[in-house]
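A.B. asks: So that we are looking at the same thing, I have put the structure below in structure tokens.
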Amino acid sequence: MTTGNPTPTKAITGGEFLIRDVSADEIFTPEEWTEEHRMMLQTGLDFVAQRIIPNLERIEALEEGLNPKLLEEVGELGLLGSSVPEDLGGLGLDFKSTMLITESMGGGHSFAVSFSAHTGIGTLPILYYGNDAQKQKYIPGLATGQLKGCYCLTEPGSGSDANSGKTSAKLNEAGTHYVLNGQKMWITNGGFADVLIVFAKIDDDENLSAFILEKGYEGITMNPEEKKMGIKGSSTRQIFFNDVQVPVENLLYERGKGFKIAVNILNIGRIKLGGVVIGSCKDAINESVKYANTREQFGRPISKYGAIRHKLGEMAIQTYALETAVYRATQNIDDAIADLAAGGMDKGEATLKGIAAFAPECAMMKILGSEVTDYVVDEAVQVHGGMGYSAETRAEHAYRDARINRIFEGTNEINRMLTVDMILKKAMKGELDLMTPAMAVANELTGIP
């Protein structure tokens, strides 16, 4: 038997799982969560159980002021600021821990969307791309929930092709403000956000730029709340910008680099979606098990019948596979971030580069997560039978809410194309040696008598 520490191995890179054997001790599993991690998870689960589920009808009805209040409450627990450094009012946790907190919100139906949009696309562009003044002005409030954030990218004519947006920005003659004009749609948290990340093209630029706007700026107007199939309790608005004066100091990052911000933040959003739907799946399974154990037919609980047991088993199997894949990729990202930070890179930049290196995995987890969730909630409705079709059950809520996951953060069709494209580009750049193992397989096949 060998003794001593194992020989250190080079951390795996994005897409390399295809061609590299990895030992079991290099792969993170949920059994490795520390007691502190479990406490964080339980804090989120308790909040959902005590503050979200009892108020679902009010949330679904978009009761005025309720969602912002709930975000403030979860902010008081520190859960909005998990990604934010301590010196800016957050917890400064690693990426894996932030994913676990995201999972804890998964059973919160519409509120999970409000939470994810705020902590992700509503906060991270400023955290990772803002200058010091912008971070100091906005991040502490976003980390506590005193400020709420939203992200304005999609337009009526630009969905998947985000860089084709028509919203314009022109510098005024005094050189003090950009004047924004345009329209955005499907803006999550749009109805109550205090801080808006808005993408627009300056003059005749080919690429987008990003701006930080505040809801009080004159010229910002909104349509009524959208009427949606699911996530009804998530504020979703069209927002119009009519000669909105934006101070030049509110340009985010650099001119013409807005699309870069959008792509990198979407990478985070995709794998975070994989995390939140783990929570959604587990919640749907729990609800189904409880119902199956209490619903009796032919003199015994339906959980005693093989058909129902098979459904519950398949739901658990697919959720287990999803959880395993998501947290393996999450640990890989954390390792990449740690390596870059150890080399002297700023933590924020290291986080972006570490996640970008695993952009194919982020897209895969978004696809897998959304499709597993669709399967699980569909089976949850089936386990509930007729009651599953009733709006009185959470199975019906979950079924409607799940459908959007295959559309936002980039449709699954786009993400499938991106996965192949990104892996091939990594190979062409020499970052991923696909040719050597491919030739080995070819030689093996041609060598068969």
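The values are calculated or read from the model by the stated rules, or taken from the named source; none is laboratory data. Note that the coordinates shown come from a computational prediction; the quantities given were computed from them, not determined experimentally. Don't worry about glycine lacking a Cβ; one is built from the backbone with ideal geometry, like all the others, and counts go over all protein chains shown.
A.B. asks: Please enumerate the residues belonging to segment 131-154 that are surrounded by fewer than 21 Cβ atoms within 10 Å (Cβ to Cβ) and within 20 Å of the chain's Cα centre (by Cα).
C.D. replies: Selection gives Thr144, Thr154.
A.B. asks: Could you tell me which residue of segment 405-449 is nearest to Ile52 (Cα to Cα), considering only residues that are touching a Ser or Thr at 6+ places or on another chain (Cβ under 9 Å) and aliphatic (A, V, I, L, M)?
C.D. replies: Among those that are touching a Ser or Thr at 6+ places or on another chain (Cβ under 9 Å) and aliphatic (A, V, I, L, M), it is Ile407.
A.B. asks: May I pose another question? With a cut-off of at least 1 residues that are polar (S, T, N, Q), out of contact with any Lys or Arg (no Cβ under 8 Å at 6 or more places or on another chain) and modelled with pLDDT of 95 or more, name the helices (runs of 4 or more DSSP H) lying wholly within segment 306-402.
C.D. replies: 306-342, 359-384
A.B. asks: How many residues, within segment 298-329, are among the aromatic types (Phe, Trp, Tyr) and farther than 24 Å from Ile27 by Cα?
C.D. replies: Residues meeting the conditions: 2.
A.B. asks: Filter segment 30-41 for residues that are part of a helix (DSSP H, G or I) and without any contact (Cβ under 8 Å) to a residue 24 or more places away in the chain and give the result.
C.D. replies: Glu31, Glu32, Glu35, Glu36, Arg38, Met39, listed by residue number.
A.B. asks: Further question on the same structure: Among the residues of segment 340-373, how many are buried (at least 17 other Cβ atoms within 10 Å of the Cβ), over 21 Å from Lys425 (Cβ atoms) and in contact (Cβ under 8 Å) with a residue 40 or more places away in the chain?
C.D. replies: 8
A.B. asks: Kindly provide the set of residues from segment 73-94 that are surrounded by fewer than 22 Cβ atoms within 10 Å (Cβ to Cβ), touching a residue at least 60 places away in the same chain (Cβ under 8 Å) and part of a helix (DSSP H, G or I), ordered by number.
C.D. replies: Glu73, Glu76, listed by residue number.
A.B. asks: Filter segment 422-444 for residues that are among the charged types (D, E, K, R), part of a helix (DSSP H, G or I) and closer than 12 Å to Gly15 by Cβ and give the result.
C.D. replies: Once the filter is applied, which keeps residues that are among the charged types (D, E, K, R), part of a helix (DSSP H, G or I) and closer than 12 Å to Gly15 by Cβ, segment 422-444 yields Lys425, Lys426.
A.B. asks: While we're here: Against the definition (of a type in the set (Val, Ile, Thr) and touching a strand residue (DSSP E or B) at 6+ places or on another chain (Cβ under 9 Å)), how does Ile126 come out, yes or no?
C.D. replies: Judged against the criteria, Ile126 is a match.
A.B. asks: Test Val377 against the stated conditions and say whether it is β-branched (Val, Ile, Thr) and closer than 30 Å to Ile59 by Cα.
C.D. replies: yes
A.B. asks: Take segment 293-305 and flag every residue that is in a helix (DSSP H, G or I) and among the basic types (Lys, Arg).
C.D. replies: Matches in segment 293-305: Lys304 only.
A.B. asks: While we're on this one: Those residues that are surrounded by 16 or more Cβ atoms within 10 Å (Cβ to Cβ) and either in the same structural domain as Asn189 (by TED's automatic domain parsing) or not β-branched (Val, Ile, Thr) (or both), I need them from segment 56-72; list them, please.
C.D. replies: Leu56, Glu60, Leu62, Leu66, Asn67, Pro68, Leu70, Leu71
A.B. asks: Same structure, new question: Taking the stated definitions as given, is Glu409 charged (D, E, K, R) and outside any helix (DSSP H, G or I)?
C.D. replies: yes
A.B. asks: Could you tell me how many of the residues in segment 192-205 are at pLDDT 95 or above and farther than 25 Å from Glu63 by Cα?
C.D. replies: The qualifying residues number 7.
A.B. asks: Separate question: For segment 183-213, what are the residues that are surrounded by 16 or more Cβ atoms within 10 Å (Cβ to Cβ) and charged (D, E, K, R)?
C.D. replies: Lys184, Asp194, Lys201
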